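Asker: Starting off with a structure, shown below.
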Amino acid sequence: GAGVSQSPSNKVTEKGKDVELRCDPISGHTALYWYRQSLGQGLEFLIYFQGNSAPDKSGLPSDRFSAERTGGSVSTLTIQRTQQEDSAVYLCASSLIPGPAIKNYGYTFGSGTRLTVV
Amino acid sequence: DQQVKQNSPSLSVQEGRISILNCDYTNSMFDYFLWYKKYPAEGPTFLISISSIKDKNEDGRFTVFLNKSAKHLSLHIVPSQPGDSAVYFCAARRASGTYKYIFGTGTRLKVLA
């Protein structure tokens with residue numbers, strides 16, 4: 001697609017429920033990143049995909065969080081047994097390749113999914 | 001450990017004047033730096049970048065300065081316009097590994113007409 005598409009744009013869920021957030025990156029972009037922004041905080045790195053594999057999962061806050069990417073394209077971030085502290089805007093970004101050649105423009109971000117856990 | 005810091009959460013500037021947004025970092029291995037702009041309900045959009053081999057990069061009204069010895073970078077917007085009102089994030093990455101960017105907490109700029 002023309003840009004990074006995320007769905008849903010807003011999600012309200014009850015504490016303890018599982019949620020799935022979807023990211024559809026720019027066609028042909030091999031690198032995909034998930035970040036989240038909690039209220040008053042910066043963008044917190046969660047996980048990075050190169051193709052379908054995730055060489056860096058260091059930002060996932062707990063084992064309730066998982067992500068997968070299939071076909072080198074769409075990625076799904078799953079949060080199990082959601083807690084109120086999971087409330088945040090979850091941002092997905094993609095880039096053509098992750099390395100030095102992508103210097104100038106970094107990532108292209110989607111508009112995010114605003115998750116509210118009540 | 002906050003490796004990229006934006007110590008001013010907000011800044012107000014009169015239209016036509018200069019806006020200066022600051023960013024400090026702690027990791028001397030960072031080699032590339034970006035500034036992103038974010039409007040409400042939108043994803044961040046790329047604004048300007050600078051490599052660690054340079055100390056200045058200019059693009060229209062936007063100039064980024066890098067002081068490696070001080071581990072400090074700044075974004076200058078001249079002249080500031082009301083449409084520049086947004087949250088500005090600086091981001092930095094290492095020259096190796098996964099090339100992920102570490103973001104600061106952002107500075108909310110308000111340009112007053």
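The values are calculated or read from the model by the stated rules, or taken from the named source; none is laboratory data. Note that the coordinates shown come from a computational prediction; the quantities given were computed from them, not determined experimentally. Quick reminder, even Gly has a Cβ in these numbers, built from the backbone with ideal geometry, and neighbours come from all protein chains shown. Areas reflect the complete protein model, heavy atoms only, side chains present, ligands, DNA and RNA absent. Shrake-Rupley method; radii C 1.70, N 1.55, O 1.52, S 1.80 Å.
Asker: Could you rank B:Lys37, B:Lys54 by how accessible they are, 1.4 Å probe, largest area first? Show your work: numbers first, answer last.
Answerer: Details: B:Lys37 30, B:Lys54 110 Å².
Heavy-atom accessible area, descending, gives B:Lys54, B:Lys37.
Asker: Taking Cα pairs under 8 Å and at least six residues apart, what relative contact order does chain A come out at, in percent?
Answerer: Numbers: 294 pairs, mean separation 43.0, N = 118.
It comes to 36 percent, rounded to a whole number.
Asker: Give the accessible surface of the protein assembly as shown per residue, rounded to a whole number of Å², with probe radius 1.4 Å and ligands, DNA and RNA excluded. Walk me through the numbers on the way to the answer.
Answerer: Details: 10860 Å² over 231 residues.
Accessible area per residue, the protein assembly as shown: 47 Å².
Asker: Taking the Cα-to-Cβ direction at A:Ser53 and at B:Ala41 and moving 7 Å from each Cα, how far apart do the two end points lie in nm?
Answerer: That separation, rounded to one decimal, is 4.1 nm.
Asker: Further question: Anything over 30 Å Cα to Cα? Flag those among B:Lys37/B:Lys71; A:Lys11/B:Lys71; A:Lys57/B:Lys56; A:Lys17/B:Lys110; A:Lys17/B:Lys5; A:Lys11/A:Lys57, in the order listed. Walk me through the numbers on the way to the answer.
Answerer: Details: B:Lys37/B:Lys71 21 Å; A:Lys11/B:Lys71 39 Å; A:Lys57/B:Lys56 33 Å; A:Lys17/B:Lys110 38 Å; A:Lys17/B:Lys5 34 Å; A:Lys11/A:Lys57 24 Å.
Beyond 30 Å: A:Lys11/B:Lys71; A:Lys57/B:Lys56; A:Lys17/B:Lys110; A:Lys17/B:Lys5.
Asker: Right, something else. Using the Cα centre of chain A as the reference point, and only Cβ charges (+1 on K/R, -1 on D/E), how large is the resulting charge dipole? Debye, rounded to the nearest 20.
Answerer: On the way: 11 positive and 10 negative charges, 21 e Å.
Value, rounded to 20: 100 debye.
Asker: What's the buried accessible area, both sides, between B and A using a 1.4 Å probe, rounded to 100 Å²?
Answerer: 1800
Asker: I would also like to ask the following. Please get the size of the charge dipole for the protein assembly as shown, origin at its Cα centre, with Cβ charges of +1 on Lys and Arg and -1 on Asp and Glu, quoted in debye to the nearest 20. Walk me through the intermediate numbers first.
Answerer: On the way: 25 positive and 19 negative charges, 46 e Å.
The dipole of the protein assembly as shown has a size of about 220 debye.
Asker: What does the highest-first list of A:49-56, B:42-49 look like by mean Cβ count within 10 Å? Walk me through the numbers before you get to the answer.
Answerer: Details: A:49-56: 16.2, B:42-49: 18.9.
Highest to lowest by the protection proxy: B:42-49, A:49-56.
Asker: Give, ordered by residue number, each residue of segment B:91-113 whose 1.4 Å probe accessible area is reduced by a minimum of 30 Å² on adding the remaining protein chains to the chain alone.
Answerer: The answer is B:Arg93, B:Thr98, B:Tyr99, B:Lys100, B:Tyr101, B:Phe103, B:Thr105 - residues whose exposure falls by at least 30 Å² when every protein chain is included.
Asker: Provide a whole-number value for the mean count of partner chain Cβ atoms within 10 Å of the Cβ atoms in peptide A:107-118. Let's see the in-between values first.
Answerer: Numbers: counts 9, 4, 7, 3, 4, 5, 0, 1, 0, 0, 0, 0.
What the average comes to for A:107-118 is 3.
Asker: While we're looking at this one, here's another question. So if the hydrodynamic radius of the protein assembly as shown is defined as the Kirkwood radius over C-alpha pairs, what does Stokes-Einstein give as its diffusion coefficient at 25 °C and 0.890 mPa s, in µm² per second? Show your work: numbers first, answer last.
Answerer: On the way: Rh = 18.1 Å.
Translational diffusion coefficient: 136 µm²/s.
Asker: Give the accessible area for B:Leu75 in Å² (nearest 10); use a 1.4 Å probe, count only protein heavy atoms, and leave out ligands, DNA and RNA.
Answerer: Surface accessible to solvent at B:Leu75 totals approximately 0 Å².
Asker: Comparing the chain by itself with all protein chains present, which residues of segment A:32-80 are at least 50 Å² less accessible (probe 1.4 Å)?
Answerer: A:Leu43
Asker: Counting only protein heavy atoms, what percent of the accessible surface of chain A is carbon or sulfur at a 1.4 Å probe?
Answerer: Numbers: 2540 of 5470 Å².
Within chain A, the accessible surface is 46 percent carbon and sulfur.
Asker: Pairs of alpha-carbon atoms within less than 8 angstrom and 6+ residues apart define the contacts here; what relative contact order does segment B:1-92 have, in percent?
Answerer: On the way: 177 pairs, mean separation 32.8, N = 92.
So the answer I get is 36 percent.
Asker: If you take each beta carbon of peptide B:26-33 and count the beta carbons of other chains within 10 angstrom, what is the mean?
Answerer: Numbers: counts 0, 0, 0, 0, 0, 2, 5, 1.
Counting other chains' Cβ atoms within 10 Å and averaging over B:26-33 gives 1.
Asker: When the Debye formula is applied to the Cα atoms of segment B:4-112, each taken as the same point scatterer, what base-10 log of I(q)/I(0) results at q = 0.10 Å⁻¹?
Answerer: The Debye formula, applied to the Cα set alone, gives -0.26.
Asker: Dividing the Cα radius of gyration by the Kirkwood radius, what Rg/Rh value follows for chain A?
Answerer: 0.96
Asker: At 1.4 Å probe size, with the rest of the protein present, what percent of the exposed accessible area of chain B is carbon and sulfur atoms? List each step's numbers first, then the result.
Answerer: Details: 2610 of 5390 Å².
Whole-percent figure for carbon plus sulfur exposure: 48.
Asker: Can you list, bin by bin at 10 Å, the percent of alpha carbon pairs in segment B:31-91, starting at 0?
Answerer: The calculated distribution, bin by bin, is 21, 53, 23, 2.
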